[in-house]
Amino acid sequence: MEQLGLNDYFENYLNKKSIFKNKRVLQEKYIPSSISHRKQQISQLASMLAPALKVDRPSNLFLYGKTGTGKTLCTKYIFNELSEVCKTKKIALHLIYVNCKLKKVSNTEYRIIAQFAREVGQEIPATGLPTEEVYNRFLKKINEKKQVVILALDEVDRLVSKLGVGDEILYNLTRLNGELDKAQLSIIGISNDLRFMERLDPRVKSSLSEEEIIFPPYNALQIKEILKERAKLAFNSNTISEGVLEKCAAYAAREHGDARRALDLLRVAGEIAERSERHLVTPDDIDKAEEKIERSRILEIARTQPIQSQITLYSIILLSEDNKDGIATGEVFEKYKGICKQCKLPVLTQRRVSDLISELDMLGIIHGRVISKGRYGRTREIYSNIPTSLLEKVKEVLEKEIV
């Protein structure tokens with residue numbers, strides 16, 4: 001496109017009828033007026049948090065289930081409903097939602113507690129205070145009046161992994177009520193990692209998971225119904241061809257019932273059709289969207305994994321360049337140790353690194369298979385699932401994050 005023709009292009013774009021009626025309906029931040037197939041979980045969550053409306057501290061909660069099963073959506077939905085009631089009834093309830101994978105929730109205990117303090121209106125300098133003082137200012141701020149503070153920590157497993165100090169921060173948070181006389185603090189932990197609780201200190205586990213809610217995966221039929229509801233709001237009439245929603249649902253059901261992925265697929269397919277100047281989304285657009293999202297997903301996994309997982313993945317990629325026949329766990333551990341020493345980071349045990357490899361396998365970014373070595377026992381052969389065309393880009397992302 002020549003530069004001089006841009007005005008005409010943008011003018012034509014503005015005058016052209018869009019496939020979309022309201023694209024935001026397909027985006028992650030959108031909170032629908034009602035949530036399908038999560039009535040039980042919403043009822044449980046509402047009943048557990050309801051005591052806060054009488055300024056009584058609810059039990060700490062732990063919500064877990066795989067990605068795209070509605071944990072975040074239901075939490076935000078309940079928070080919105082609680083906020084409306086609090087405004088009307090003038091109830092002293094402060095609701096805080098923090099996504100622990102975001103950059104602003106950084107990788108030191110100081111910065112994380114400082115972020116919590118800012119969420120309740122207490123300014124904290126970027127550096128310069130003892131961590132204990134940051135805790136004290138956070139406590140002092142929320143203890144200014146009689147109120148209940150509910151702190152929802154989404155992807156709380158990332159918080160623990162980022163800190164590199166185990167689960168000390170969660171232990172400290174769950175013990176803060178002992179130092180409050182006016183306010184009360186409750187924590188909602190949200191995690192995609194079904195084994196996260198197993199790795200917590202027993203003291204933290206008992207405090208954090210006073211109540212638990214499980215979010216099962218959606219099946220293909222449920223995902224199709226969700227897509228149908230959103231598509232009515234998101235797209236103009238007669239812009240989605242037959243088979244699109246079914247194919248979208250099938251892809252997402254294959255990915256462990258991830259409704260968020262289904263919505264992303266539908267949105268990206270619409271964008272692909274619109275950029276091609278077509279007024280109909282076809283099943284072929286879903287295939288193209290799947291390929292595009294998969295590339296983005298791999299880069300996002302590489303970018304957002306905890307530092308120790310990033311080093312493990314980087315070790316596997318480096319070893320894969322010289323070995324196409326599969327890599328042993330021991331080889332990965334030796335490479336991992338060398339990188340940790342170069343970066344002056346703590347070295348985890350080989351067993352913990354093996355757990356990280358299993359987590360990367362679960363994400364689909366690598367593949368591991370157990371093979372028998374006869375009398376020498378069994379070992380795991382590890383292969384990278386990253387497309388060759390993306391390897392250099394992934395390495396670049398990891399090098400930037402690690403260094």
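Quick notes on this structure:
- A helix-only calculation puts the chain at -16500 deg cm²/dmol for mean residue ellipticity at 222 nm, using -39500 (n - 2.57) for each DSSP H run of at least four residues, averaged over all residues.
- Sorted by Cβ neighbour density within 10 Å, fewest at the top, the residues 201, 325: 325, 201
- Full extension of the chain between residue 132 and residue 172 gives 13.3 nm of extra length, using 0.36 nm per residue less the Cα-Cα distance.
- Over all directions, the projected convex hull of the C-alpha atoms in the chain averages 25.0 nm² in area.
- The stretch 305-402 shape via C-alpha gyration tensor axes, a/c threshold 1.5: oblate
- The trypsin sites (Lys or Arg not before Pro) of the stretch 13-86 that DSSP puts in a loop, and whose beta carbon has at most 15 other beta carbons within 10 Å, are 16, 17, 21, 29.
- DSSP assigns beta bridges within the chain; of those with both partners inside it, close to 30 percent run antiparallel.
- For residue 281, the amide hydrogen comes within under 5 Å of the amide hydrogens of 240, 241, counting only partners 5 or more places away or on other chains and with H modelled in the peptide plane.
- Sorted on the mean count of surrounding Cβ atoms within 10 Å across their residues, most packed first, peptides 380-391, 250-261 read 250-261, 380-391.
- The charge dipole of the stretch 218-297, taken about its Cα centre with unit charges on the Cβ atoms of Lys, Arg (+1), Asp and Glu (-1) only, comes to about 200 debye.
- Filtered GluC sites (Glu not before Pro), the stretch 1-66: DSSP coil and at most 13 other beta carbons within 10 Å: 2, 28
- Taking the average, over residues, of other Cβ atoms within 10 Å as the packing measure, peptides 152-158, 350-356 rank 152-158, 350-356 from highest down.
Readers should treat all values here as calculations from the given coordinates under stated rules, not as data from a laboratory. Here the structure is a predicted model, which is why all the values come from computation and not from measurement. Neighbour counts are summed over all protein chains in view; Cβ atoms, including those assigned to glycine, are modelled from backbone coordinates with ideal geometry.
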